[in-house]
Amino acid sequence: MIKRNAEAEILQLLEEFPAVGVLGPRQVGKTTLAETIANAFKPELIYLDLESPSDQARLKEPEGYFELHKGNLIILDEIQRVPELFQILRGVIDRQRREGFRTGQFLILGSASLDLLKQSSESLAGRITYKELSGLTVSEISQVEGATQDQLWLRGGFPDSFLAKSDEASLRWRMNFISTYLERDVPQFGARIPANGLRLLWTMLAHSQGAQLNVAQMGANLGIAATTAKRYIELLEDLLLIRTLRPWSGNIGKRLVRSPKVYIRDSGLTHALLNLTTLDDVLGHPVIGASWEGFVIENLLSCLPLGVTSWFYRTSAGAEIDLVLEKSPKEKYAIEIKRSLAPTVSKGFHLGCDDIGATKRFIIYPGKERFPSSYGVTVLPLIDMMDELHQMK
């Protein structure tokens, strides 16, 4: 499946910057997207898979190779495998700029975020911009005959998982994906972390999807030091497999919760870690509400306009908002997420909205109709909320 919106955005960025980095976990569709983008470029682009020994050998003398293919878009896939390229790219980009090749020189694909950003922040500052590629979203599956929102929620957004022939085949793909990450990919990032320990942590995070992060407690449950648990969590976040959502921290004179909430980013992986095969399995499991919340949040964050920040809000007195989206001090969306066809919100939601000065209030639910509720709250489907965000630009 081709992510048309991402394709158009990346093509636009390549017209503005010498290098564009596309970040996303393995198997999310980065290479497929790059191959589609290739059709828009003349002369033909160059694709190098830096996990391939033969392609790495072609870059034994990288400056000479890049000079030989000057004027071509060069795709560097899994660049975190050869981090020393970043410093070289700076000189190549600057030299080609002086020769008139100012944009669209390199498309860089990576499966890790923090390390990649650290490696390039100094050497490529002002020369590169980033686009994070999410899994498939609700707005993208309409091109698949018979596809439903609940199917996407159950199987997650990895294309091979979503498009599997059956729920059982999808679960097998996700279980294999988890094992491959733990046994092959994590060690490739130089992390000396026992696979069994990391799997157990990952499973614990699935059980506590959307809960506030207590590193010390998690470490105690695993029988490891809090510093070690923190390192495990940071690795999963770096690999774009989990998300920490920060608490809103405005100065309002209230006792605010300070710990972030943590989510497994792909709902299908959450369900696989809990061994939930079918939608009925999920609907009958205690994780249902938190899983739906994480699914909605990932879909919304995948389409945030530039400059919009995301938070959650909670006070020690009980005021709480699942998601706060802030464009400016005068434009704040307060969003509550409910897995119910007759959703209501507590007094704490309205108190939270008053605290932060929310300009619009929404409840996202699994139904198909949009309708007004009390106190200026609008109840709407997820796809409608995504459309609402497009109007936030």
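The values are calculated or read from the model by the stated rules, or taken from the named source; none is laboratory data. Computed from a prediction, not measured in an experiment: that's the story for all the values here. Methodologically, a virtual Cβ is constructed for each residue, glycine included, from the backbone with ideal geometry; neighbour enumeration extends over all protein chains shown.
A few remarks follow.
- Sole exception among (1) modelled with pLDDT under 90; (2) over 19 Å from Cys303 (Cβ atoms) for Arg339, by number: (1)
- Test: residue in the stretch 146-161 that is more than 22 Å from Arg265 (Cβ to Cβ) and either in the same structural domain as Val287 (by TED's automatic domain parsing) or surrounded by fewer than 21 Cβ atoms within 10 Å (Cβ to Cβ) (or both): yes
- Number of the condition not met by Ile264 [criteria: (1) touching a strand residue (DSSP E or B) at 6+ places or on another chain (Cβ under 6 Å); (2) free of Cβ contacts under 8 Å to residues at least 12 places away in the same chain]: (2)
- Residues that are modelled with pLDDT under 80 number at least 3 in the following helices (runs of 4 or more DSSP H) confined to the stretch 113-188: 114-123.
- Within the stretch 12-59, being within 18 Å of Asn72 (Cβ to Cβ), assigned to a loop (DSSP other than H, G, I, E, B) and out of contact with any helix residue (DSSP H, G or I) (no Cβ under 8 Å at 6 or more places or on another chain) holds for Glu15, Phe17, Asn39, Phe41, Lys42, Pro43.
Quick grid of which residues meet (1) modelled with pLDDT of 95 or more; (2) among the small types (Gly, Ala, Ser); (3) touching a helix residue (DSSP H, G or I) at 6+ places or on another chain (Cβ under 6 Å):
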| site | (1), (2), (3) |
| --- | --- |
| Ala290 | yes, yes, no |
| Cys303 | no, no, yes |
| Tyr313 | no, no, yes |
| Ala317 | no, yes, no |
| Glu331 | no, no, no |
| Leu351 | no, no, no |
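Rundown of residues vs (1) of a type outside the set (Asp, Glu); (2) at pLDDT below 90; (3) out of contact with any Cys (no Cβ under 6 Å at 6 or more places or on another chain); (4) part of a loop (DSSP other than H, G, I, E, B), yes/no style:
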site: Ile193; (1), (2), (3), (4): yes, yes, yes, yes
site: Trp202; (1), (2), (3), (4): yes, no, yes, no
site: Leu205; (1), (2), (3), (4): yes, no, yes, no
site: Gly210; (1), (2), (3), (4): yes, no, yes, yes
site: Met218; (1), (2), (3), (4): yes, yes, yes, no
site: Arg231; (1), (2), (3), (4): yes, yes, yes, no
site: Glu237; (1), (2), (3), (4): no, yes, yes, no
site: Leu240; (1), (2), (3), (4): yes, yes, yes, yes
site: Ser249; (1), (2), (3), (4): yes, yes, yes, yes
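- Some residue of the stretch 92-99 being outside the structural domain of Asp185 (by TED's automatic domain parsing) and either in contact with a His (Cβ under 6 Å, 6 or more places away or on another chain) or aromatic (Phe, Trp, Tyr) (or both): no
- Matching residues, the stretch 78-109, being farther than 19 Å from Leu33 by Cβ and either in a strand (DSSP E or B) or aliphatic (A, V, I, L, M) (or both): Val82, Leu85, Ile88, Leu89, Val92, Ile93
- Number of the exception - Lys70 against (1) surrounded by fewer than 16 Cβ atoms within 10 Å (Cβ to Cβ); (2) basic (Lys, Arg); (3) under 27 Å from Asp266 (Cα atoms): (3)
- Qualifying residues in the stretch 3-48 (those that are touching a Gly at 6+ places or on another chain (Cβ under 8 Å) and at pLDDT below 85) - the one nearest to Leu109 (Cα to Cα): Lys3
- For the stretch 162-202, taking the residues that are closer than 14 Å to His271 by Cβ and within 19 Å of the chain's Cα centre (by Cα), the one that is surrounded by the most Cβ atoms within 10 Å (Cβ to Cβ) is identified as Arg174.
- Unmet criterion (only one of (1) assigned to a loop (DSSP other than H, G, I, E, B); (2) under 25 Å from the mean Cα position of the chain (by Cα); (3) not acidic (Asp, Glu)) for Asn299: (1)
- Residue within the stretch 11-19 that is loosely packed, with under 15 Cβ neighbours inside 10 Å and either assigned by TED's automatic domain parsing to the domain that holds Arg174 or over 21 Å from the mean Cα position of the chain (by Cα) (or both) present: yes
- Selection of the stretch 314-351 for residues being polar (S, T, N, Q), surrounded by 13 or more Cβ atoms within 10 Å (Cβ to Cβ) and in contact (Cβ under 8 Å) with a residue 60 or more places away in the chain yields only Thr315.
- Total residues in the stretch 20-33, condition buried (at least 21 other Cβ atoms within 10 Å of the Cβ) and either hydroxyl-bearing (Ser, Thr, Tyr) or more than 20 Å from Arg243 (Cβ to Cβ) (or both): 2
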